[in-house]
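Readers should treat all values here as calculations from the given coordinates under stated rules, not as data from a laboratory. The structure presented is a predicted model; accordingly, all values stated were derived computationally and were not measured. As a convention, Cβ positions derive from the backbone with ideal geometry for all residues, glycine included, and neighbour counts pool all protein chains shown.
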Amino acid sequence: MEKFKTYIAIDDTDEIGYFISTGEICEHIAKHINSNYSKTTPITRHQLYLHESIAYTSHNSSMCFTCQLNPQSFEEVKAFILEYITHISAPSSSGGVAMVFEKDIFQNKTLIDYGFDAKNKVLNKDLAYRIAKEQNVFLQEIKNEGNGIIGALAGVALRLSGNDGRLRGKITLDKRVILPEELLVKGFVDGIEVVNGKALIASKKITFDDGLKWILKEGKRVLLVEDTQNFYRPLGKESLAVF
Amino acid sequence: MFSVNNEFMFGKMSFEMAQKSVCEKFILDTDEEECVVSTDTSSCYNCLYRKWTQQSFVCIQRSRNEQKYSF
């Protein structure tokens, strides 16, 4: 059976002080799919609107990844996710799940616009359900108010846009100094950008202490670096918090 | 360092103040991914009980207890 690119996003499955975060739950789901159905792409974290009238736990972010599923495995994965999140999510959480075959999305722009609205506006479940129906996205609430569907749909939309989110986790290398070209050739990232807009100098090395974290920009995994006098340094956690 | 609404008054980029504001209720966020600064140092920015807002964060512990701190 033919397989199709599938977007999967979840949101709002934890609570303050709970033993597992939404990101970690998403990692478990991706691991299950990897073991049983398809390779998965890295999870991206998408920051949504921070507003007092939104009942988020602590940071209001949504997690998304993609994989390749056929119609039958899509249903199996859906059943697994719903059961798993129902079981593992926090008692007071309001989880939501969004899943869609990319080929089935009716109009990318409408869905993407919804995603960016979720970064700047207070949205509601009625809108999320309407957009999901129009765009053929499977959307389901899990527990309590089920407000997580708003963010889950936004997670799919923002990942689809290719212009939002940052890698959850990091790329770990066995060295701390590397030439830009090596990162590109070995496929760790698709692009490297200097934050002040200067052109990247191919012979200038990138020095780093920790793993590397890319952002999604124009559909590419882009490493942002700052120019110091003698080398490039990837943007740290503090700077990437805004992505 | 906190407003009457228990919001940190120095925003999201005052790393030194966020370190100075750490209290005895500090618990490192269990998900390292959500830690904004190095996990080697204690900072309110990494605390499990901070809830990010548009401009800064609210301390959930303070909100829960309405405890008066004397910083």
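Summary table below
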{"read-out": "21 Å Cα-Cα reach of B:LYS51 towards lysines, excluding residues that sit fewer than 8 places from it in its own chain", "value": "A:LYS119, A:LYS121, A:LYS237, B:LYS12, B:LYS20, B:LYS25, B:LYS68"}
{"read-out": "On Cα atoms only, tilt of A:108-120 relative to the major axis of chain A in degrees", "value": "80"}
{"read-out": "Rounded to 5, percent antiparallel among DSSP beta bridges of the protein assembly as shown", "value": "90"}
{"read-out": "Where only alpha carbons of the protein assembly as shown are counted, the Rg and the Dmax (Å)", "value": "20.0, 66"}
{"read-out": "Estimated dipole of chain A in Debye, rounded to 20 [Cβ of Lys and Arg +1, of Asp and Glu -1, Cα centre]", "value": "720"}
{"read-out": "Unit charges at the beta carbon, dipole of segment A:1-145: most positive-side option, A:HIS59, A:SER35, A:PRO91", "value": "A:SER35"}
{"read-out": "Inter-centroid distance (Cα atoms) of segment A:181-218 relative to segment A:52-99, Å", "value": "32"}
{"read-out": "Neighbour-count ranking [beta-carbon atoms within 10 angstrom, fewest first] of A:TYR49, A:TYR114", "value": "A:TYR49, A:TYR114"}
{"read-out": "DSSP-loop GluC sites (Glu not before Pro) across segment A:31-131, with at most 14 other Cβ within 10 angstrom", "value": "A:GLU52"}
{"read-out": "Kirkwood Rh and Cα Rg combined as Rg over Rh, evaluated for segment A:136-194", "value": "1.18"}
{"read-out": "Average partner coverage of B:49-62, which counts Cβ from other chains inside 10 Å", "value": "3"}
{"read-out": "Descending semi-axes in whole angstrom, ellipsoid equivalent of segment A:100-200, from the Cα gyration tensor", "value": "35, 15, 14"}
{"read-out": "Cα centroid separation, segment A:220-243 to segment A:1-48 (Å)", "value": "25"}
{"read-out": "Cα-based reach from A:LYS205 at 20 Å (exclusive), listing aspartates and glutamates while leaving out same-chain residues under 8 positions away", "value": "A:ASP174, A:GLU181, A:GLU182, A:ASP190, A:GLU193, A:GLU226, A:ASP227"}
{"read-out": "Crossing angle, helix A:71-88 versus chain A [Cα axis fit, 0-90 degrees, rounded to tens]", "value": "90"}
{"read-out": "Straight-distance crosslink candidates among lysines, where the alpha carbon sits under 20 Å from A:LYS133 and sequence neighbours closer than 8 are dropped", "value": "A:LYS5, A:LYS78, A:LYS103, A:LYS109, A:LYS125"}
{"read-out": "Order of B:MET1, A:MET1, A:MET63 - criterion: other Cβ atoms within 10 Å of each residue's Cβ, fewest first", "value": "A:MET1, B:MET1, A:MET63"}
{"read-out": "Per-residue Cβ neighbour rank within 10 angstrom, fewest leading, A:THR22, A:THR228", "value": "A:THR228, A:THR22"}
{"read-out": "C-alpha long axis of helix A:125-134 to longest principal axis of chain A, angle in °", "value": "80"}
{"read-out": "Max mean-square fluctuation residue, GNM over chain A, Cα-Cα springs under 10 Å, options A:LEU160, A:LEU184, A:LEU69", "value": "A:LEU184"}
